[in-house]
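Let me begin by presenting the structure, written as structure tokens, before commenting on it.
The values are calculated or read from the model by the stated rules, or taken from the named source; none is laboratory data. Note that this is a predicted model, so its numbers are computed, not measured. As a convention, Cβ positions derive from the backbone with ideal geometry for all residues, glycine included, and neighbour counts pool all protein chains shown. Side chains are part of the model used for accessible areas, which takes the heavy atoms of the whole protein and leaves out ligands, DNA and RNA. Shrake-Rupley method; radii C 1.70, N 1.55, O 1.52, S 1.80 Å.
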Amino acid sequence: MNEVAVLGAGMHPWGKWGRSFIEYGTAAARAALADAGIGWADVRSVVGAGTIRCGYPGHVAGAAFAQALGWQGTRVTSVYAACASGAQAIDTARAQILSGIAEVVLVVGADSAPKGFFAPAGGDRPDDPDWLRFRLLGATNPAYFALYARRRMALHGDTPDDFARVKVKNAAAGALNPYARYRTAVSAGQVAASPVVADPLRLLDVCATSDGGAALVLSSMEYARRHGAGDPVRIRAVSTVTPVYPRTEPGLPDIATDSAVAAGPPAPGFRESIARAAYEEAALGPEDLSLAEVYDLSTALELQWYEDLGLCPEGEGAGLLRDGATALGGRIPVNASGGLASFGEAVPAQAIAQVCELTWQLRGTAGERQVTGARAGMTANQGLFGHGSAVVAVS
Amino acid sequence: MVAGWFTKSDDEEGFRLLGTRCGACSAVFFPREDALCRNPACAGGVLTEVALSKRGRVWSYTDGRYRPPAPYVSDPESGWQPYTLLAVELAAERMVVLGQAVPGVTVADLSVGTEVEVVPGILSEDADTVWTTWQWRPVEEER
Ligand SMILES: [Zn+2]
């Protein structure tokens, strides 16, 4: 197996702290290095997951963290793939390790998110689909999540109460996580009483924008053994696939789907194909998972992931939730960390934070939110413009 | 702003979205794709302009209860009026096209499967310019 070891995991608590993303990333990196039991000087490659500020994607990633930690001549890489940036940073680090370019790699992602809706950079840019969807349609991210949610209601009979149950579940888990921004229980009544953002989704159905940072120290299995980590958590698969033409579900930030006239819709669809690629590479299936961390940008989207990950058949996500299977203590806990519902979105950090959670769960050190006997976990999300993202880790 | 995305006609009956069609594989593109066919199985054909179906059925719908950020244009001095957003499935083109509903249509007026048609509308206007756009309007019951 092409496995790499997770030697260390670290986070900066998420929230609206009003500080620089570099502070969050550096704090997370130091925590991951301490957790790995190695020094910054031992790191010969750093990969930063980029965010976009001031028009310089990547300026704020690998080099920014390497400078903050102290220039020491290490190999440096910056990757940007919107919400999949963290997974691509992990994938890059893994490829360096497996190819023998580097033995131990520091992966860092952090952000200081602006308040309110994410919006495109300024200027008149009608050749940019992300600019166009705001200018022509006023279509915010929650608007797309709401289109998916309403479609689920029509197709599968999901209800706003089902969506609220996701928030209640994730808030209960997040209350047990010291890194989460929101650490209080939420009731279904509170979700129902929150204002509608984009019908049928309410404020508490949609994740907030947050500051946060997350980091991992990855190494070759041989390096891990030399450093006394004989049986580390291992990353067994990283999926970063694109959709297959024609993409037939409206995807952020596009204004229309591909036409299915020239070629029939692919099976499986995009999100499902992200999971499938990860399962194939890891040589395991949904029945082998102890837990999953999925991108709950909206409560309704979490139900969709249940189906796309194969945790239940299509259309039965709400049933799986109602049965308690995906809650802590259930058959297959999803978002034991509390998910984005509890963290909020710090774009380049989130896919890395998901793997931090898997690491702690697979080590058995997740405290009150520990999934008993966790042996394998999967993360899933997708980045704007068609970036797949899933990671499988095992203990 | 989006040259060639829809007909210039203000006449509702003649108003259409404009896409392109590949001469080799017949794939349709909206927004228009004028450079290269994006079908990976296609060797590449000539892309010619084509008017899309006037009518389609609602794939899904929502609204915007909060004012979207720029570059969406709205008057910050006036109260926010939610707009309704539709994703509409065009049967002949086998694609889904997003668009705002005509003013006055709310989510309460819609369901998945509702038949709608494309009509010209006003996106925004200032002293010098009226920005036209496409909007979806529920089709009146025909008797
Ligand atoms: Zn073609």
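Of all residues in the stretch A:16-25, none are crowded, with 24+ Cβ neighbours inside 10 Å, at pLDDT 95 or above and either more than 24 Å from A:Tyr182 (Cβ to Cβ) or among the polar types (S, T, N, Q) (or both).
Residues of the stretch A:97-110 that are outside any loop (DSSP other than H, G, I, E, B), in contact (Cβ under 8 Å) with a residue 40 or more places away in the chain and either within 9 Å of another protein chain (Cβ to nearest Cβ) or of a type outside the set (A, V, I, L, M) (or both): A:Gly109 alone. Applying the criterion of at least 2 residues that are more than 16 Å from the ligand (Cβ to nearest atom) and assigned by TED's automatic domain parsing to the domain that holds B:Asp109 to the strands (runs of 3 or more DSSP E) found wholly in the stretch B:1-89 leaves B:55-63. Among the criteria (1) without any contact (Cβ under 8 Å) to a residue 12 or more places away in the chain; (2) buried (at least 24 other Cβ atoms within 10 Å of the Cβ), the one A:Trp305 does not fulfil is (1). Within the stretch A:118-130, the presence of at least one residue that is over 26 Å from A:Glu314 (Cα atoms) and outside any loop (DSSP other than H, G, I, E, B) is confirmed. Confirm whether A:Ala113 is within 14 Å of chain B (Cβ to nearest Cβ), farther than 24 Å from A:Ala5 by Cα, open to solvent by less than 20 Å² (accessible area, probe 1.4 Å) and aliphatic (A, V, I, L, M). Yes: the conditions hold for A:Ala113. A:Tyr279 meets all of the listed conditions (1) hydroxyl-bearing (Ser, Thr, Tyr); (2) over 18 Å from the mean Cα position of the chain (by Cα); (3) surrounded by 20 or more Cβ atoms within 10 Å (Cβ to Cβ) but one, namely (2). So is B:Arg94 within 11 Å of chain A (Cβ to nearest Cβ), among the charged types (D, E, K, R) and over 22 Å from A:Arg151 (Cα atoms) or not? Here the answer is no, as B:Arg94 does not meet what is asked. Can you tell me which residue in the stretch B:48-80 is farthest from the other protein chains (Cβ to nearest Cβ), limited to those that are touching a strand residue (DSSP E or B) at 6+ places or on another chain (Cβ under 9 Å) and of a type in the set (A, V, I, L, M)? Within the stretch B:48-80, the match that is farthest from the other protein chains (Cβ to nearest Cβ) is B:Ala51. Filtering the stretch A:206-222 for residues that are in a helix (DSSP H, G or I), of a type in the set (A, V, I, L, M), open to solvent by less than 10 Å² (accessible area, probe 1.4 Å) and away from chain B (no Cβ under 14 Å) leaves an empty set.
Of all the numbered requirements in (1) away from the ligand (no atom under 15 Å from the Cβ); (2) open to solvent by less than 40 Å² (accessible area, probe 1.4 Å); (3) of a type outside the set (Phe, Trp, Tyr), B:Asp109 misses one, and that requirement is (2).
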